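First comes the structure, then the notes that go with it.
The values are calculated or read from the model by the stated rules, or taken from the named source; none is laboratory data. All values derive from a computational prediction rather than experimental measurement. Counting neighbours? That spans all protein chains shown, and the Cβs are built from the backbone with ideal geometry, glycine included.
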Amino acid sequence: MGKLFLVPTPIGNLEDITLRAIRVLKEVDVILAEDTRTSGKLLQHLNIATPMQSHHMHNEHKRVDAIVKRLLGGASIALISDAGTPGISDPGFLLTRACIEQHIEVDCLPGATAFVPALVNSGLPNDKFVFEGFLPVKKGRQTRLLLLAEDPRTLIFYESPHKLIKTLTQFLEYFGSERQISVSRELTKMYEETIRGTVAEVLEHFSQKPPKGEIVIIVGGKK
């Protein structure tokens, strides 16, 4: 029987990949990549010639059975996303669940994940926290915000730059203007930035300076 490896890739800085991850990517029979063009640049940088196949949110449901069959036949397969750890707001859960159901060994390597440095760097309590990822776009968004407004744990969100102002404005409405937050963008990249303060202060900052890049928002829990 084969084995599935979940391999984290850098979220920005290409040096943020482990020696073990490089070895696994060289040794497996095939690499499943969220975007073969994006991952191809990383593999070329690392001198990895392992064949790639596309595996993303639009074809994940259709391809799981075929991948599991190949694993049952003895193949070793690595799954990578465009950046970070597979399965964290990226494809990976469905395949992992299917492998576990078929008693196929799954090995998740430790490595880059955007929310961990953003949380630790925020200065907000990190002994208890909840990862929310992306908020619902429409249906269920208000209900979710009302529920989270009462949560005493630190909250973690992912957001796109063009939706940040809308999200911060809603945080102002549901969490209050004085709630402490931290917004990190472009983590590990050249223009990495973290802005800390109250919701009102951070909203004012990004209203005057529109954000770019990948964004992680850390919100202090209700006191």
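Just so you know, in region 1-48 the residues that are in a helix (DSSP H, G or I) and touching a helix residue (DSSP H, G or I) at 6+ places or on another chain (Cβ under 8 Å) include one that is nearest to Gln102 (Cα to Cα), and it is Leu25. When the criteria are applied in full, Ala118 fails the requirement of being part of a strand (DSSP E or B) and buried (at least 18 other Cβ atoms within 10 Å of the Cβ).
Scanning region 89-135 for residues that are polar (S, T, N, Q) and farther than 30 Å from Gly73 by Cα yields Thr113, Asn121, Ser122, Asn126. Whether a residue is touching an Asp or Glu at 6+ places or on another chain (Cβ under 7 Å), of a type in the set (Asp, Glu) and crowded, with 17+ Cβ neighbours inside 10 Å was assessed, and Glu193 does not pass this test. Val130 falls short on exactly one of the conditions (1) among the β-branched types (Val, Ile, Thr); (2) over 20 Å from Ser89 (Cα atoms); (3) surrounded by fewer than 18 Cβ atoms within 10 Å (Cβ to Cβ), and that condition is (2). The residues in region 49-75 that are in contact with a strand residue (DSSP E or B) (Cβ under 9 Å, 6 or more places away or on another chain) and either among the acidic types (Asp, Glu) or part of a strand (DSSP E or B) (or both) can be counted, and the count is 3.
Of the residues Ala114, Ala118, Ala200, the single one that is among the aliphatic types (A, V, I, L, M) and over 30 Å from Ile22 (Cβ atoms) is Ala200. Screening region 69-97 for residues that are under 26 Å from Arg37 (Cβ atoms) and free of Cβ contacts under 8 Å to residues at least 40 places away in the same chain and picking the one that is surrounded by the most Cβ atoms within 10 Å (Cβ to Cβ) gives Leu94. Just so you know, in region 17-35 the residues that are under 18 Å from the mean Cα position of the chain (by Cα) and crowded, with 17+ Cβ neighbours inside 10 Å include one that is modelled with the lowest pLDDT, and it is Glu34. Evaluated against (1) over 24 Å from Val202 (Cα atoms); (2) touching a Leu at 6+ places or on another chain (Cβ under 9 Å); (3) assigned to a loop (DSSP other than H, G, I, E, B); (4) modelled with pLDDT of 95 or more, Pro91 falls short on exactly one condition, (4). For region 43-65, the criterion of a residue being loosely packed, with under 12 Cβ neighbours inside 10 Å and either under 21 Å from Val216 (Cα atoms) or of a type in the set (A, V, I, L, M, F, W, C) (or both) is satisfied by at least one position.
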